[in-house]
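Participant: Here's a structure for you.
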Amino acid sequence: MIGLYGGAFDPPHRGHVELARRAKEELGLGTLVVLVSGDPGHKQIDTPAETRLRMARAAFPDDEVILDEHARTIDTLRAHPEWVDPVFLIGADQFCHFLSWQEPDEVLRRTRLAVATRPGFPREKLESVLQRLETPDRVLFFEIEPTPVASSELRKHFVASDVPPAVAELVETDGLYEA
């Protein structure tokens, strides 16, 4: 089974790595492809894509890490017909906004979603999204331990212990995030 894990990874942090680790463990993923968004359609990114790609490769050394040139998940899935029934990994917070994605039901026809939840996350928020999907059975849930770290905060106040050591080294070497 192939897993897909997309994001800006600006920078990739402990939470990203833990989500990937738990997904592999819980879902029995044979392959994980980490998709570093070259130009995310939903947010402004200042760190160059090549820099984020290098950091993601450092954070996920055992996985395939590629630059995703598509701004939308549906376009990425259409561009890769070789990915047969993959599992796309997202966090519960992202899933709450899944209906705002471009063609969410078509995304679910092309991939299953594996949603990482954490203890205490309001189940009713997830249920309200599930109820509005054409194929809610294509959504899987798995639990992860809370990792209170956010890329947006790290860009403002970098803390080396919040990222994998190889990422911290790149941040320091490249002088990123006021390191």
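Since every read-out is calculated from the coordinates, none of them should be taken as a lab result. In this text the structure is predicted, and so the values were computed from the model without any measurement. With ideal geometry, Cβ positions are generated from the backbone for all residues, glycine too; neighbour counts draw on all protein chains shown.
Participant: Based on the alpha-carbon gyration tensor of the chain and its eigenvalue square roots a ≥ b ≥ c, which shape applies: rounded if a/c is under 1.5, prolate if not and a/b is larger than b/c, or oblate?
Facilitator: prolate
Participant: Still on this structure: Note the full-extension length gain between Asp137 and Arg155 as 0.36 nm times their separation in residues minus their Cα-Cα distance, in nm to one decimal.
Facilitator: Extra length from Asp137 to Arg155 when fully extended: 2.8 nm.
Participant: With label points built 7 Å along Cα→Cβ from the Cα atoms of Arg123 and Glu145, find their separation and express it in nm.
Facilitator: Rounded to a tenth, the inter-label distance reads 2.3 nm.
Participant: Each label point is 7 Å from the Cα along the Cα-to-Cβ direction; what then is the distance between the points at Ala166 and Ala71, in nm?
Facilitator: Simple spin-label model gives 3.2 nm for this pair.
Participant: Can you tell me how segment 30-100 classifies by the Cα gyration tensor, rounded, prolate or oblate, using a/c under 1.5 as the rounded cut?
Facilitator: Rounded, since a/c falls under 1.5.
Participant: Can I ask one more? Which value at 222 nm does the chain reach when only helices count, each DSSP H run of 4 or more adding -39,500 (n - 2.57), with the total divided by all residues and rounded to the nearest 500 deg cm²/dmol?
Facilitator: -10000 deg cm²/dmol
Participant: Post the alpha-carbon centroid distance, segment 119-159 to segment 73-109, in whole angstrom.
Facilitator: Cα centroid of segment 119-159 versus Cα centroid of segment 73-109: 15 Å apart.
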